[in-house]
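K.L.:
Structure below; questions to follow.
The values are calculated or read from the model by the stated rules, or taken from the named source; none is laboratory data. Values in this document were obtained by computation on a predicted structure and should not be read as measured data. Backbone-built Cβ (ideal geometry, glycine too); neighbour counts: all protein chains shown. For the accessible areas, the whole protein counts, side chains as well, though only heavy atoms, and no ligand, DNA or RNA atoms are used. Shrake-Rupley method; radii C 1.70, N 1.55, O 1.52, S 1.80 Å.
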Amino acid sequence: MIRTLTEADLGKDRRIRLLTDGAAFIGLVIIKGKEAGRLHGESADDVWRSLHDEAARHLPGFHGWDGARTRFTRLFPNGFADPSFHERERNYKDQARRLLLSTAPVERAAAASGLGAAVAKAFQATNLLASFEMMRIGPLLKGEDADDVIQSAARFTLDPSPTTMGRLAQSLKRADAAKWPPATYLPFLWQPDRHMFLKPQVTKIFAERVGHPFADVYEPFPDWATYESLLDLTARMRDEFVAFAPADNVDLQSALWAISEYEDDPAE
């Protein structure tokens, strides 16, 4: 007897369903109410994960990991070593990171006060945050909540966990800035080998197109489950792009953005 174990609505008229007949597991991809794919396996986790990959293939514009790599090399023929990649994506982020490390190193920021002006300059050094997000960050870093936000971000950077993520989210919430770009900006610059910057919409689109379940886990209020899924996507991307030898997550975040947002000619 076949019974349903779990199912999920992925949006865009897509559903996935995990079933078992008692001996093995069956996965169904349902598009517009009709079965569009069927998978079998001995592991429920493996079948469930593969269902996300299969469902993503039914998205318009889906390019998979092979397509992502092909598009990246079309944009930047020499990969992460391409001069255009450094000019367009890497150099200004490195400059912002050097500025932050020289004026507000993470170990100091975890306990110090009065670093608001220094941290504000690091935010102003890139265009990673939207203008409306910067409109909140400026007053925040000049106000009474600045020390709490900076210390919470630094402690999360040094010890990422559900607890430190929760404290960072709550400190930002008090300043009406509890969004993913402000939450992940400083950790990303302080430790880009460990942390990832999250621009939600482009990251969800990229994840869907390569078949990663990040978009299904995503919550707009910063939480550990979303961030953990982001790090899983980042680790998968690092594996898939290993031939290009990414230096850190600055390379990976930049590639994710370029693949998803650039026109075919990066100079346009």
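K.L.:
Regarding M237, is this residue surrounded by 18 or more Cβ atoms within 10 Å (Cβ to Cβ), among the aliphatic types (A, V, I, L, M) and either part of a loop (DSSP other than H, G, I, E, B) or in contact with a strand residue (DSSP E or B) (Cβ under 8 Å, 6 or more places away or on another chain) (or both)?
P.N.:
no
K.L.:
Just name the residue that is nearest to W257 (Cα to Cα) out of those in segment 214-234 that are open to solvent by less than 50 Å² (accessible area, probe 1.4 Å), outside any helix (DSSP H, G or I) and of a type outside the set (F, W, Y).
P.N.:
This residue is P222.
K.L.:
Additional query: With respect to S131, determine if the residue is open to solvent by less than 50 Å² (accessible area, probe 1.4 Å) and either over 28 Å from W48 (Cβ atoms) or hydroxyl-bearing (S, T, Y) (or both).
P.N.:
Spelling it out, it is not the case that S131 is open to solvent by less than 50 Å² (accessible area, probe 1.4 Å) and either over 28 Å from W48 (Cβ atoms) or hydroxyl-bearing (S, T, Y) (or both).
K.L.:
Just to be sure before I move on: is E42 at pLDDT 90 or above, open to solvent by 80 Å² or more (accessible area, probe 1.4 Å) and either closer than 30 Å to L168 by Cα or in contact with a helix residue (DSSP H, G or I) (Cβ under 7 Å, 6 or more places away or on another chain) (or both) in the structure I sent?
P.N.:
Criteria not met by E42.
Yes or no, residue by residue, for (1) closer than 24 Å to R90 by Cα; (2) in contact with a Pro (Cβ under 7 Å, 6 or more places away or on another chain); (3) free of Cβ contacts under 8 Å to residues at least 60 places away in the same chain:
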| position | (1), (2), (3) |
| --- | --- |
| T157 | yes, yes, yes |
| T163 | no, no, yes |
| A169 | no, yes, yes |
| P182 | yes, no, yes |
| F188 | yes, no, no |
| T203 | yes, no, yes |
| P213 | no, no, no |
| V217 | no, no, yes |
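K.L.:
Another question, then. For segment 206-213, state whether one or more residues are assigned to a helix (DSSP H, G or I), open to solvent by 50 Å² or more (accessible area, probe 1.4 Å) and among the acidic types (D, E).
P.N.:
No, there is no match, as no residue in segment 206-213 is assigned to a helix (DSSP H, G or I), open to solvent by 50 Å² or more (accessible area, probe 1.4 Å) and among the acidic types (D, E).
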